[in-house]
Every structure is written in structure tokens, then in C-alpha cells.
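Read through the structure below, which is laid out as C-alpha cells, and then see the notes.
The values are calculated or read from the model by the stated rules, or taken from the named source; none is laboratory data. Here the structure is a predicted model, which means the values were calculated and not measured. So basically every Cβ, Gly included, is an ideal-geometry build from the backbone, and we count neighbours across all protein chains shown. These area figures cover heavy atoms from the full protein model, side chains too; ligands, DNA and RNA do not enter into them. Shrake-Rupley method; radii C 1.70, N 1.55, O 1.52, S 1.80 Å.
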Amino acid sequence: MPLKGIEPKLKRLIISCLTVIYAASFSANAQDNHQPNSCVLNTLAQPLYDTEQKIQYRQLDNGLQVRTLSIKNTQAVSIASQFDVGSRNEVKGQTGYAHLFEHMLFKGSKHAPGDSYTQTMSALSGQFNASTFFDFTNYYLTIPSQALELSLWLEADRFRYPRLNEASVKNQQGAVLEEMATSIDNQPYVRKAMEFLLAQVENTPYGHAVIGSIADIKAATPMSLNAFHQRYYRPDAMQLSLVGDIPEQTQSWINAQFGDWQAPDIEQTQLSDLNITPKPVHGEIIDERGPWPAVLLAWHTAGRHSSDAAGLALLEAYLFQNKSSLIQGTSLTDPDQLLSYSIPLTMTHHGVTNLVLVPRARTSLDTLTDNVAALIDTVTKQPITEDQLCKLKQIWLNKALARLDSPSNLARMLSATEPSDKWHPLTAPWQRINAVSAKELQAIAQKYFAENTVRLDLLPPWYIRATKSILESLPKGMTDSLEESVM
């Protein structure tokens, strides 16, 4: 089995796989009482507080939440609109509707039919896109500030009055099916791996793929999609954020376009956190297209509303995410893996930490799994040091501060504000991170990661597996020499 070219192919595969399979009041002085003397990050965090003070927040009578942040010396404005609807809201027979409907909102509305939206935005040199997840759908664009009034009108028109017909629905069904084929079905391992992981939360709102099933996408009609729109696209499920050059008339433009939008009489869907008892699971899939074996490890964690959420974010970074993470540390000298990749999934009511490892020629999947178990064991048995914890918090904070330099990212973050953070969208998340202790991280590791690994072996065809087994049995030096000669 030739190894040349495997690493870049596998990296693309892993990124595709993980991407498809799965976003109160406080004061700056309050954190002083919780910081060890060796880790005082108040000064570094000050830009979060300064920026937050400039955010104007209001809620329209219909429930729509609006945040605006004016930035001087800019000539553009970024708009982000997030709706509290995703694949978790879909019922049997309508999987993939949230994602399909996202596509439809670029294909015509009452006063801007057909491709008017995309053509207008392109003519304005606007940058626009959207995404759908388990819990939400968001739309975002950046345009010259002179086009803000027009852009708000276009946004309101497509959100409130989308125009769906047989031709446009059929066109976008084809687009979604092509996306599904390209990102899932034409990629080794992805479809079976996705189904395996989703089966772990079967019969829950998170038990099916965001992109939906082929049958449900094909069965969608303008009538069924319109019904989905009327139920879930509503002002009281929307957060609108604008960041950049904000003209004085902006609030009146928002009132004119969104103020008379009435919420439907149907109550919003209320969900509860998943009640899942973590347990060890071991499965395998064989794909004749697989270029090389790999192992996917996953752990059920908790959702964004959990009191463990901040600690989980830091622990995931410490174990698998940062350049200085434990798993990256094992790659510095003579590693057992060719590469590793992790994209944790944090939903509102559930979470999944995951890690994909690709072995060296000499290394078995069992060895890789044992190595990870040993890393986790170090955290469950002994709290990390205060210096290590401080570095984790500083890395998190640096990423939060970096968002302040990107109006588009900042607008999207503001539109994803948790209800409990309504008045402190930037600083409340930081305060939770800053309050995490080393003992809490240890307890979280014990609760979610110790002996509760979901393991899926990703196996290529038999002749590659046979070659790999022979390589594993050879002396280490010989195997490494063979590997080096073909990589």
C-alpha cells in the first residue's frame, strides 16, 4: 500500500467528515475575587468591556432583538441575522428542511423575485452567505454603508415574504443533493461515520443530520416549506446585529422594515437538555474507498446552557484543540499518529467532543486509543497547574479579542447571544471562562471523559488492512524506514 499523498487526502477527509457530522449582569471588578494572584487577566480583557459599553440594544414590540455597534472611520457595515431554528426543529419526513429553506431565501421574495437578491448584492460588491446548524440558521453580509437601507429592505423582504415555486424548489433540491453527494456520499467513511454517531442520540431532536435525508429533500414542496417558514421564521426567534458605519437613520429603517412583522400564534418550540448516560461504545465501518485506517473517538458532553460548558471548552482545548494541547504534545517527537483533528460540537442541549487520529504505519488503532486514554487519565487523576489554566484562559481570551477586529465575525457573534447574556454578550462568556478552576476541570474530565469513549474504527479494504498489519509486526526501525521512503 503506497503511503505517498495519504496525509493531505486524509486531512481533507477528516475536516469534511467532522464539519458535516456536526456555535445576568457582571462587572469587570467582580472577577478579581476569583483570580489567582499569578493569573490576572483583567487588563487584557478590558477591550471586551469597552466594546460592550458601546453596543446599543433594544427589543421591538414583536420580540425581535436588535444590537448595533458603531465603529468610526469605516465605510462598510456588517449585518447578521440569526433565527432560533435548525435541524432540531424538523419532524419525521421533513429532515433537511432548515438547510433547504436557507437555500431558498437566496432565490426570490415578494418584491425581489428570482436572483434579485444575489444580483443586487454582487452589484454592491457585497459579501454574503448563510449557514444552518442543529440549533440555528444565520445569514450574514457586509455591504457599503450607503447601501444599508436597501440591504435592510432586502433582508426583511426575504425573511418575511419568501416566494417559493415548483421551479425554484426543484432547483435548490438539486443543489442540496449535489452538496450531499460531494461532501458526504462521495467521501470515504463520511456517510457511515455520520450515521454511527447520530445513532448514539437516536430518537432525539439531534438524532438526524443537518443536511437531511435524500428522500425527505426530494419530497419537499413549496407548500411544506412555506409551512415551515410560517412556523419558525418569526420576529421573536430572531436576533439582528449591525456592526460598522451605522447611519443615524438606522433605527428608523429597522422599525420600518421589521416593526410591523407579527409573530404567529403558535408557541415557540421549547426543548430540554438530552438525558444521555455516557458509556463506552466500540464500532467499526469498512469502506472500500478508504485510503488508510483511522479512529474516531467521541465523548458525550453538555450543551451551551450547562454549568459545565465553560469548563468543557477549556478542557477540550487543553486535550485536543490548541497547538500546545496534550495531543499535539505527543506529536513533537516520534509520534504514533500521522495527524489528528478535532472539531467539538456544542449544541444548545447537548455536546460532543471528538478526535480523529490517523496512525503511523507501525501503530495500531488500539495503541492510538490507549494513548488518548492515558492523556485523559492524567487530567482525571491530577488537576492541571494554575499556570496551565491561566494559559488556557488567555488563549480563549485572545480569540475573543480577535473577533473585535472583524466586524463580520463580531456581528455574527452578537446575533448568537444566549438569552442569559442578553445585556452582556461579550463579557458574560468571558466571566464564565475566567471563573473555571483547575478542580472543576478535573471533575469535568472525570464526569464526561473517563471510561466513556465512543470509538469508531474507520477501516479501508482488506488488502490495505493486511498490509498495515504486516507493517505493525515489523521492527520499529524497519517500519519507520519504509514509511519515510514513501511519504
*Using the structure shown, decide if residue 404 is modelled with pLDDT of 95 or more, over 25 Å from the mean Cα position of the chain (by Cα) and either closer than 30 Å to residue 72 by Cα or of a type in the set (A, V, I, L, M, F, W, C) (or both).*
no
_Within the range 411-444, take every residue that is small (Gly, Ala, Ser) and within 21 Å of the chain's Cα centre (by Cα) and give me the one that is modelled with the lowest pLDDT._
420
*Which of the residues belonging to the range 457-487 are open to solvent by less than 70 Å² (accessible area, probe 1.4 Å), out of contact with any Lys or Arg (no Cβ under 9 Å at 6 or more places or on another chain) and within 16 Å of residue 337 (Cβ to Cβ)?*
457, 468
*In the range 309-325, which residue that is within 18 Å of the chain's Cα centre (by Cα) and open to solvent by 20 Å² or more (accessible area, probe 1.4 Å) is modelled with the lowest pLDDT?*
321
*List every residue pair whose Cβ atoms sit under 8 Å apart, with the two residues 6 or more apart in sequence or on different chains, where the first one lies in the range 445-474 and is over 28 Å from residue 198 (Cα atoms) and at pLDDT below 95 and the second, anywhere, is open to solvent by less than 40 Å² (accessible area, probe 1.4 Å) and assigned to a helix (DSSP H, G or I).*
471/479; 471/483; 472/479
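Each row is one residue, and each column tells you yes or no for (1) open to solvent by 10 Å² or more (accessible area, probe 1.4 Å); (2) of a type outside the set (A, V, I, L, M).
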| position | (1), (2) |
| --- | --- |
| 327 | no, no |
| 342 | yes, yes |
| 351 | no, yes |
| 373 | yes, no |
*Working only within the range 412-449, note down all residues that are open to solvent by less than 40 Å² (accessible area, probe 1.4 Å), of a type in the set (Gly, Ala, Ser) and part of a helix (DSSP H, G or I).*
428, 438, 445
*Please specify each residue of the range 345-375 satisfying the condition of being in contact with an Asp or Glu (Cβ under 8 Å, 6 or more places away or on another chain), under 30 Å from residue 205 (Cα atoms) and among the β-branched types (Val, Ile, Thr).*
348, 353
*The listed residue being in a helix (DSSP H, G or I) and surrounded by 20 or more Cβ atoms within 10 Å (Cβ to Cβ), out of 357, 368, 401, 397*: 368
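Out of the residues in the range 338-362 that are more than 30 Å from residue 417 (Cβ to Cβ) and modelled with pLDDT under 95, which is farthest from the chain's Cα centre (by Cα)?
Taking the range 338-362 as the starting set, the residues that turn out to be more than 30 Å from residue 417 (Cβ to Cβ) are 338-340, 356-362.
Right, trim to modelled with pLDDT under 95 and you get 338-340, 360-362.
Numbers: 338: 25, 339: 21, 340: 18, 360: 29, 361: 32, 362: 34 Å.
Across the range 338-362, the extreme among qualifying residues is 362.
What helices (runs of 4 or more DSSP H) lie completely within the range 116-194 and have 2 or more residues being open to solvent by less than 40 Å² (accessible area, probe 1.4 Å) and closer than 14 Å to residue 100 by Cα?
Passing ranges, in order: 166-180.
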*Output the number of residues of the range 375-394 satisfying the condition of being open to solvent by less than 20 Å² (accessible area, probe 1.4 Å) and under 30 Å from residue 280 (Cβ atoms).*
6
